[in-house]
Structure formats: structure tokens, C-alpha cells
1. Please work out whether the range 66-162 counts as rounded, prolate or oblate from its C-alpha gyration tensor, where a ≥ b ≥ c are the square roots of the eigenvalues and a/c under 1.5 means rounded, while otherwise a/b larger than b/c means prolate and anything else oblate?
2. Which three extents, in angstrom, do the Cα atoms of the chain have along their principal axes, listed largest first?
3. Using every Cα-Cα pair within the range 28-115, state what percent have a distance larger than 21 Å.
4. Could you work out the relative contact order of the range 63-110, using alpha carbon pairs under 8 angstrom and six or more residues apart, expressed as a whole percent?
5. If I model a spin label at residue 40 and residue 134 as a point 7 Å from the Cα along the Cα→Cβ vector, what separation in nanometres do I get?
6. In a Gaussian network model over the chain where Cα atoms closer than 10 Å are linked, find which of 98, 136, 119 has the largest mean-square fluctuation.
7. Taking the simple approach of a point 7 Å from Cα along Cα-to-Cβ for both residue 101 and residue 176, what is their distance in nm?
8. Fewest Cβ neighbours within 10 Å first, please rank 137, 99, 39, 89 accordingly.
Amino acid sequence: MIPVRVMEQARRIRLLILDVDGVLTDGKLFFDYQGNEYKSFHARDGHGMKMLKQTGVEIAVISGRESPIVAMRMQSLGITHVYQNQEDKRIVFNELLVKLELSSDEVAYVGDDVIDLPVMMHVGLAISVADANEAVKACSDWCTTLNGGLGAVREVCDLILQAQDNFEPLLSQYLA
């Protein structure tokens, strides 16, 4: 059961910011002998992001690492706010507030590690994935039941869609 307070916070969200490693992926980093990097993304997370975008909620990705794979995946989902190699995620967060003309209480952030805390402490809805660092969980308004990279982002998208009364209308498109 999702607390009423969390649903009320989710109702105001106009921007969802996601970390990558540990949120959109399971956090494991795979490299081959040539230095090529491999990541695994969950298809349901991607579809949840597409559904959320259909309702006018913006999505941004802020990662502390740089990866061409992340750029490719986000491009395939139509996510245009992609910021990589960001040691201080607050800088991009503040730029997004200005660019999208939003207040911080209209933003949700999903993180898993302490690098995410500086932004999580300033958003309207701070969310951690189920396998997040304990300090991150302690600073979260809500924690997903699923681990990062295993459908946690879809849980967040569905939460926002439900809070904004958009889940059922979208679902009806698939049932028609």
C-alpha cells in the first residue's frame, strides 16, 4: 500500500529524474578485453518511461559515469534530457528547474547511492530502489519493491501515472 502522502507528492510531479547505474541498470558493470562496456536495461522500465512521457511528464537522466550505451538507450526511448559524467548532480538539477520552468516540489528523483543524496534532499518526491544504500533509503519518501534494473523504474512510472489519474486511460488503450 502506497502512503497517501506519497500519492499526494506524486500528483504534482512534472519531471522524473533517474540515476542510471543501480536504477536503470542493476548496477553491475561489464567490460570485455577491448574495454567495451555492456549494460542491461529492463524493457518494462523503458515502456513505463514512454507511457509517462505520453502524459506530459518530462524525464531526465543524470549519471555520474559516461557511457555511449546510455545515450543510445535514452535516444531509443525519446529521452532528450540526458546528462552524463556529472560528479555534482545538483548543477544539472538546477539547470533543469530553470530550463523547464519548474519548482523543486514538481520533481521526483530516483537514486540508489550516496551520490544521489544532494539532489534527493531537494525534490518533491525522493525515491530509492529496493536495493539502494541504506543511507539513501533513510532519506527517501518512498522505496520501490523491486531492485534497480529489474523493474523499479516501471514501479515509479506507474505510481506517478496512478497518482495523476492517467494509468487507467493509458491501460484502456491496450485493452481496446
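Here, each number is a calculation from the coordinates, and none is a lab measurement. Please read these numbers as outputs of a predicted model, since none were measured by experiment. We place every Cβ from the backbone using ideal geometry, glycine too, and count neighbours over all the protein chains shown.
1. Rounded shape, in that the Cα axes give a/c under 1.5.
2. Here the Cα extents, ordered largest to smallest, are 48, 38, 32 Å.
3. 37 percent
4. That works out to 35 percent.
5. Each label point is offset 7 Å from its Cα along the Cβ direction, giving 2.7 nm.
6. With Cα springs under 10 Å in the chain, the top fluctuation among 98, 136, 119 is at 98.
7. 3.1 nm
8. By the 10 Å Cβ count, ascending: 99, 137, 39, 89.
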